[in-house]
Amino acid sequence: MVKSLIPVQSPGDSADPKCMGRIVELAPEAFVERLLARGQRRAWIRTDPQSGRVRASTPVLEELADYVEGQTDPERRHEAVFLGVGLETRALFGVFVHRTQRGQAQGGVRHWPYPTMASFLRDGLRLSRGMSRKCALADLWWGGGKALISRLPGDGWRDTDVRRKIYAELGDFVSSLCGVYVTAEDVGTTPLDMVEVHRHTRFATCLPTEIGGSGNPSLMTARGVVCAMEGALDFLERGSLRGAKVVMEGAGNVGACMIDELLERGVREIVATEICEERTAALQDRYADRPVRVMRVEPGDHRILAEPCDVLAPNALGGVLGPKTVPDVQARVVCGAANNALSDETRDARLLAERGILFVPDFLANRMGIVACSNEQYGSVPGDPDLARHLGRDWPGSVYNRTREVLARARAEGTTPVAAANAMADRKSDELHPIFGDRARRIIEGLVSEGWERG
Ligand code: NAD
């Protein structure tokens, strides 16, 4: 049995609603204590379908509802946010459901340290909205969602037993939501963690092949990004990748697969940076007689972004392109796997456009991770045509064709590719699932009317 990792109520702490103070400024673990002190383990925040206002399951949490309302676009508010506390670990879970017209909300679970409830909510709202857009632009019949686990303070979360318990509790939490959200792997979560989640809920994808899942999606993601690069170069009438120079920051799971894909397409040169020493050495070894240069850099060293090239691929972490880095970028096209490569998507998309650099929105280029696991419950087929069409050129919704379509719209409308992709994705995310219509919304109604928060 895992002992509680956080002391119960601290002396002087009061459960009196008047003493709640600014809840959004509380650390997640302090919020958990406040909730438990009120005898609650669950809470919801949702957009009322009649009034369009954001409401909380209990008046004392209206401040959180107001915060969510302030963070979201009145036209496209999140349908619901569900908060829950792990029975034994006291970890805080959040499930963010953005739009479900296209189907159940789908998105990975991020296990990350959050200093405040505001940062927790902001990240979940932003990431789940991104998932709605990614699924819609890929023509998947999935809505957009995300789960967060706020990392427990200290090192306890690293302990194997604690970790197993956290993911078991997350699985139970996801099960309690009756399928409105389907989870998957994301930053901070491993395939082993997903196996534990799957023991506790059927609403999980991106599972290992040994238990019937689609396995590691990195190769598919890399292939998709390369198709997007080709779409962008064709759009610029710069031909194919043959003879091109490609630069990448980060050569991890996706980056390494991308190197192979690019070499197959006859690129002239690849330059990559990596912060991991072992990985750098392994890649240098593997590509010793190929036109591939892998360099080890310190974290925070982003000079690679200034390397002259045809295509720059941010393949490590998000937020690397901003006012400090964009002025030095020497690429014609920026197209990579990293989610949210721009630190501010509106401002930085404009900065790149002003410099004549074509930016392919990451949620357009890196869709194949979610595509790979989206049909998992329908079984697997060799050379699966439902996956292959995303990587081809016949289907209008393929990565290549959609990239060209988005770039053409941006040019025609005098806007940035990010704005064009967002507008297209938002329109598509209003389309109703052809079979299940608004079933996911009815699940939310059911949870609310049946007092899910009291469970
Ligand atoms: P990964 O962790 O395997 O690879 C990232 C690599 O970047 C690591 O090897 C890391 O050492 C390196 N790195 C980190 N900071 C760096 C820096 N400043 N400079 C150089 N190298 C740095 O992750 P991944 O699965 O390859 O995913 C890469 C990115 O793509 C992530 O942002 C991920 O969220 C996104 N993504 C991945 C998938 C997928 O299928 N794996 C799908 C969609 C999006």
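The values are calculated or read from the model by the stated rules, or taken from the named source; none is laboratory data. These numbers come from a predicted model, not from an experiment. Neighbour counts run over all protein chains shown; Cβ positions are idealised from the backbone, glycine included. Just so you know, the surface numbers come from the protein's heavy atoms only, side chains and all, with ligands and any DNA or RNA stripped out. Shrake-Rupley method; radii C 1.70, N 1.55, O 1.52, S 1.80 Å.
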Filter result (in contact with a strand residue (DSSP E or B) (Cβ under 7 Å, 6 or more places away or on another chain), near the ligand (Cβ under 10 Å from one of its atoms) and open to solvent by 10 Å² or more (accessible area, probe 1.4 Å)) within region 315-336: 315, 316, 320
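Residue 57: farther than 18 Å from residue 90 by Cα, open to solvent by 20 Å² or more (accessible area, probe 1.4 Å) and modelled with pLDDT of 95 or more, yes or no?
yes
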Residues within region 213-241 that are away from the ligand (no atom under 16 Å from the Cβ) and either out of contact with any helix residue (DSSP H, G or I) (no Cβ under 8 Å at 6 or more places or on another chain) or of a type in the set (Gly, Ala, Ser) (or both), tallied: 8
Among residues of region 397-455, those that are assigned to a helix (DSSP H, G or I) and open to solvent by 70 Å² or more (accessible area, probe 1.4 Å), counted: 12
Residues of region 294-314 that turn out to be more than 11 Å from the ligand (Cβ to nearest atom) and either closer than 13 Å to residue 357 by Cβ or in contact with a helix residue (DSSP H, G or I) (Cβ under 8 Å, 6 or more places away or on another chain) (or both), as a count: 6
Any pair with Cβ under 9 angstrom, 6 or more apart, that starts in region 283-298 at a residue that is closer than 14 Å to residue 246 by Cβ and ends at one that is at pLDDT 95 or above and assigned to a loop (DSSP other than H, G, I, E, B): 291/267; 291/268; 293/287; 294/251; 294/287
Region 391-432, residues that are closer than 25 Å to residue 143 by Cβ, β-branched (Val, Ile, Thr) and more than 19 Å from the chain's Cα centre (by Cα): 403, 406
Filtered residues of region 64-97 (kept if part of a helix (DSSP H, G or I) and open to solvent by 10 Å² or more (accessible area, probe 1.4 Å)): 66, 67, 69, 70, 71, 74, 75, 76
Residues satisfying the stated conditions in region 174-192, i.e. in contact (Cβ under 8 Å) with a residue 24 or more places away in the chain and either away from the ligand (no atom under 15 Å from the Cβ) or hydroxyl-bearing (Ser, Thr, Tyr) (or both): 174, 175, 176, 177, 178, 179, 180, 181, 182, 183, 189
Residues satisfying the stated conditions in region 296-305, i.e. open to solvent by less than 40 Å² (accessible area, probe 1.4 Å) and within 24 Å of residue 233 (Cβ to Cβ): 304, 305
Of residues in region 101-112 being within 16 Å of the chain's Cα centre (by Cα) and of a type outside the set (D, E, K, R), the one surrounded by the fewest Cβ atoms within 10 Å (Cβ to Cβ): 112
Residue, nearest to the ligand (Cβ to nearest atom), within region 337-366, restricted to residues that are among the basic types (Lys, Arg) and in a helix (DSSP H, G or I): 347
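Return a yes/no flag: does region 374-386 have any residue that is crowded, with 18+ Cβ neighbours inside 10 Å and of a type in the set (A, V, I, L, M, F, W, C).
The answer is no; no qualifying residue exists.
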